[in-house]
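Participant: One structure, as structure tokens, below. Some questions next.
No lab work stands behind these numbers, since they all come straight from the coordinates. Not measured: the values here are computed from a predicted model. Reconstructed Cβ throughout: ideal geometry from the backbone, glycine too, with neighbour counts over all protein chains shown.
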Amino acid sequence: MNKLANIVVLVSGSGSNLQAIIDQCESGQILGKVVAVISNKPNVYALERAKKHNIPSTLIDHNAFDSRESFDAELAKYIDNYQPDLIVLAGFMRILSRDFVVKYLGKMLNIHPSLLPKYPGLHTHKRALENNDETHGASIHFVTPELDGGPVVLQSVINIKNDDTVDELQERIAQTEWLIYPLAVKWFCVGALKMSQEQVWLSKEVVNNLTNLQRFYLKTTLNDEFTCQIIINTNGAKYDEESSVKLN
Ligand code: GAR
């Protein structure tokens with residue numbers, strides 16, 4: 001893609017991940033443009049964020065529809081006005097119908113606050129604490145019809161502290177989300193990240209840009225307070241041989 005990729009973002013809440021992506025589009029890190037923001041919930045802060053950046057936004061309230069399919073059909077109609085290259089689910093808390101997911105297969109990414117395949121669904125932080133897990137994190141994955149079951153692109157991993165509460169854990173995980181989601185979007189927008197045969201493919205350049213040691217995890221220090229490992233799914237080194245994308 002030489003032109004900027006058109007990105008449509010679906011939200012249901014605060015939109016902090018949306019903000020991280022908008023910021024990197026505006027700074028030129030992501031060769032893409034958020035062309036529309038859609039919320040299924042009224043009065044959410046994500047819609048305010050879109051307005052502040054002069055991004056067209058709309059509310060499509062799922063409560064106004066009598067079936068999942070009719071809501072999804074309206075959603076698709078609106079999305080298609082913007083001819084998106086990529087659809088980003090950023091805290092979009094709504095299960096999508098199979099037809100909708102299949103229509104955008106390979107073009108839709110989601111962020112989920114757990115180390116998938118652990119804890120698909122809701123209350124992930126609470127479940128990690130209740131199970132006395134030592135680590136927790138967030139995953140970026142392609143969306144497939146199985147809920148939170150599509151192939152994982154990359155994950156952030158942090159240590160759980162003995163006295164962590166759900167809120168504290170959620171807050172730390174959120175900070176890591178703002179690192180990994182823009183990274184995956186950046187790769188997708190230059191054609192360096194694809195899904196094919198339900199697997200993740202990264203361009204050789206992405207992989208080669210990581211040193212051998214860094215290939216499977218990068219360690220990042222956030223706020224001088226905690227470190228986060230970033231695990232990149234290189235899928236047993238299935239690099240996209242065709243791609244000749246040059247990353248910044
Ligand atoms: C994020 O933590 C994201 O992982 C989670 O919602 C939050 C949205 O925050 N997504 C899910 O739970 C999806 N199942 P944001 O609105 O501030 O980006």
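Participant: Residue by residue through the stretch 143-156, which ³J(HN,Hα) values in whole Hz follow from phi under the Karplus form 6.51 cos²θ - 1.76 cosθ + 1.60 (θ = phi - 60°), with glycine and proline marked x?
Facilitator: So the Karplus estimates, Gly and Pro as x, are 8, 10, x, 6, 4, 6, x, x, x, 7, 8, 7, 9, 9 Hz.
Participant: Another question about this same structure. Specify which residue in the list Ile230, Ser27, His112 is farthest towards the positive end of the charge dipole of the chain, using unit charges on the beta carbon of Lys, Arg (+1) and Asp, Glu (-1), about the Cα centre.
Facilitator: Farthest along the dipole direction, towards plus: Ser27.
Participant: Using only the C-alpha atoms of the stretch 31-91, find the volume of their convex hull and express it per residue in Å³.
Facilitator: Output value, Cα hull per residue: 90 Å³.
Participant: To continue, here is another question. Taking the Cα centre of the chain as origin, work out the dipole magnitude from +1 charges on Lys and Arg Cβ and -1 charges on Asp and Glu Cβ, in debye rounded to 20. Write down the numbers at each step before the final one.
Facilitator: Details: 24 positive and 29 negative charges, 122 e Å.
Computed charge dipole of the chain: roughly 580 debye.
Participant: Counting helices only, and only those DSSP H runs with n ≥ 4, report the 222 nm mean residue ellipticity of the chain as the sum of -39,500 (n - 2.57) divided by its residues, in deg cm²/dmol to the nearest 500. Working shown, then result.
Facilitator: Working: 7 runs with 74 residues, N = 248.
Computed mean residue ellipticity for the chain: -9000 deg cm²/dmol.
Participant: Follow-up. Of Gly150, Ile7, Val190, which is farthest towards the positive pole of the chain's charge dipole, taken about the Cα centre with +1 and -1 on the beta-carbons of Lys, Arg and Asp, Glu respectively?
Facilitator: Val190
Participant: List the residues whose amide H sits under 5 Å from the amide H of Ala5, counting only those 5 or more places along or on another chain, with H placed 1.01 Å from N in the peptide plane.
Facilitator: Excluding prolines and chain starts, which carry no amide H, the hits are Gly32, Lys33.
Participant: Which of Ile87, Ile60 has the fewest other C-beta atoms within 10 Å, and how do the rest follow up to the most?
Facilitator: Placing the least packed residue first, the sequence is Ile60, Ile87.
Participant: Between Arg98 and Thr220, what length in nm is gained on full extension when 0.36 nm per residue of separation is reduced by their alpha carbon distance? Please list the in-between numbers first.
Facilitator: Values: separation 122, 0.36 × 122 = 43.92 nm, distance 3.67 nm.
Fully extending the segment from Arg98 to Thr220 adds 40.3 nm.
Participant: Need the full-extension length gain, Asn162 to Leu147, defined as separation in residues times 0.36 nm minus the C-alpha distance. One decimal, nm.
Facilitator: Net length gain for the segment: 2.4 nm.
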